[in-house]
1. Note down the relative contact order for segment 232-384 as a percent, whole number, built from C-alpha pairs under 8 angstrom at least six residues apart.
2. Extension gain Ala384-Met352, at 0.36 nm per residue separation less the Cα-Cα distance, in nm?
3. Identify all lysines with a Cα-Cα distance to Lys386 below 25 Å; exclude those on the same chain that are fewer than 8 residues away in sequence.
4. What number does segment 114-259 give for Rg over Rh if you use C-alpha atoms and the Kirkwood radius?
5. Under the rule of -39500 (n - 2.57) per DSSP H run of 4 or more residues, summed and divided by the residues of the chain, what mean residue ellipticity at 222 nm is obtained, to the nearest 500 deg cm²/dmol?
6. Compute the helix-to-body angle for 143-153: its Cα long axis versus the longest principal axis of the chain, expressed 0 to 90° and rounded to tens.
7. About the Cα centre of the chain, how large is the charge dipole given +1 on each Lys and Arg Cβ and -1 on each Asp and Glu Cβ? Please answer in debye to the nearest 20.
8. Could you tell me how many degrees, from 0 to 90 and to the nearest 10, lie between the Cα long axis of helix 2-20 and the main elongation axis, the longest principal axis, of the Cα atoms of the chain?
Amino acid sequence: MEAVVLSGLALALALALPSVALENGLARTPPMGWMSWERFRCNVDCQADPLNCISEQLFFDMADRLAEDGWRELGYEYINIDDCWSAKQRDAAGQLVPDPKRFPSGIKALADYVHSRGLKLGIYGDLGVFTCGGYPGTMLEHVQQDAQTFAAWGVDMLKLDGCYSSAEEQAKGYPEMARALNATGRPIVYSCSWPAYQGGLPPKVNYTILAEICNLWRNYDDIQDSWDSVLSIVDWFFANQDVLQPAAGPGHWNDPDMLIIGNFGLSYEQSRSQMALWTVMAAPLLMSTDLRTISPSAKEILQNRLMIQINQDPLGIQGRRIVKEKSHIEVFLRPLSQAASALVFFSRRTDMPFHYTTSLAKLHFPEDAVYEVQDVFVGKIIGALKTADNFSVVINPSGVVMWYLRPMALPVQPWHVRHQAPGEGFRPTLL
């Protein structure tokens, strides 16, 4: 019975597609910025904790930090409000309103300030009776009104969560909000939590349709401030890479959730690993940390220019895990523009630094090519490497080594990414 219902939903969406397609020209590279949720959650006690509660002051402060501490110039441009910003009821006209004590200036004034700092403002809604935190949700009858409210306030991005809604309501409401946002005439990046509420995988999730509706989408569980949480996300994304990898591209991205670098749960090595693996996944880089007190080492990881250049590569191809060794070493590859590639060597070991030996030939690079190799974290150019040459990298426990490879000499025949069955090589692209 369930299969019949699902195919009916898929058919309904497929028929609606011509009018659903987002085509807003936004998020041609993965969005970058800051988001409140993982670090600041639903802390609304501004009397006891005025510096860390969800209030306009927190967002003014973070906008200042993005503008003044070198983040904005690197591409971190969104300041995203998450749950718990609104009053507990809509107003007499049925409109969402911010909590008057915590956001006394209103969202329009906050958006104006964020824009004055050369940044963009994101906001949060939920397609249901309530938000996950128990604030007013966006029922189907409120979709158009809320889209118009957000546009009137000058919002640049909407994250639409899915608590307290049924599969049927989601199948109707997520495409409806895409239409409503388009109809406002304001460019608003649209982040959907839809697939995360439907298990993230076919047949319940149709990624072809999703890519027509949303600019980015949450596929899986919320990230928590722990290495276990990061690993569970990495495990799920790469176990399902054959489904997820083809769905990503300019304007439509898989979102493995926020960067927790700079918080409490990750070691230095693990922080580097999250940054490298999110970059290989072509993931949005939405930090959730206190930028007022962030450590120099966390800031250095998040502000790595070469890393950001790789993340923002215009081809927008999501990378894949190409090797999983019995020694608990894994290798990931992301093809980049101008025939370049990013390689990440990741250790799940818990004992000591591991010497891992391989060659580009074993990683399915083309024969007779030569690459200039640059260490992404250290920044230095290691030298020229032929495809056939063996090389070794030393990978720390729960750490990574990340390389950026530029071709110096290429084989005569061009070669391209092709869709492979699991286990086959995933090759970098030459254009």
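1. Details: 202 pairs, mean separation 28.1, N = 153.
Once normalised by length, the contact order is 18 percent.
2. Going from the current span to full extension adds 8.7 nm.
3. Lys324, Lys362
4. My calculation of the ratio gives 0.96.
5. Numbers: 14 runs with 134 residues, N = 431.
Value at 222 nm, helices only, nearest 500: -9000 deg cm²/dmol.
6. That works out to roughly 80 degrees.
7. Working: 35 positive and 47 negative charges, 164 e Å.
Magnitude of the dipole: close to 780 debye.
8. Here the helix axis deviates by roughly 80 degrees.
Taken together, the values in this text are just the output of simple stated rules run on the coordinates, not laboratory data. What you see is a predicted model; the values in this text were computed from it and never measured. So basically every Cβ, Gly included, is an ideal-geometry build from the backbone, and we count neighbours across all protein chains shown.
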